[in-house]
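**Q** One structure, pasted below without further comment.
The values are calculated or read from the model by the stated rules, or taken from the named source; none is laboratory data. Just so it is clear, the structure is predicted and the values come from calculations on it, not from any experiment. FYI the Cβ positions are ideal-geometry reconstructions off the backbone, even for glycines, and counts take in every protein chain you see.
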């Protein structure tokens, strides 16, 4: 996964701020930008879900198979 998710916030935050402080409806350009950002967000969510059910699930299963070490608390 790349840093695409990190790029979404700086794009969405000004849209939300503008809509919250405006006395008018969002422009078509704002709506188009939001639709594009939401589509990108859905793609990122799908990628995360695939990682969680694939790579991360295998990693968690492998970690559970490792012996556990319990350390006494520090005094």
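**Q** State whether one or more residues within segment 9-31 are surrounded by 10 or more Cβ atoms within 10 Å (Cβ to Cβ), at pLDDT 90 or above and either in a helix (DSSP H, G or I) or more than 22 Å from the chain's Cα centre (by Cα) (or both).
**A** Checked against the condition, which is being surrounded by 10 or more Cβ atoms within 10 Å (Cβ to Cβ), at pLDDT 90 or above and either in a helix (DSSP H, G or I) or more than 22 Å from the chain's Cα centre (by Cα) (or both), segment 9-31 yields no hits at all.
Matching residues to (1) within 18 Å of the chain's Cα centre (by Cα); (2) modelled with pLDDT under 90; (3) closer than 19 Å to residue 12 by Cα:
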position	(1), (2), (3)
42	yes, no, yes
45	yes, no, yes
49	yes, no, no
52	yes, yes, no
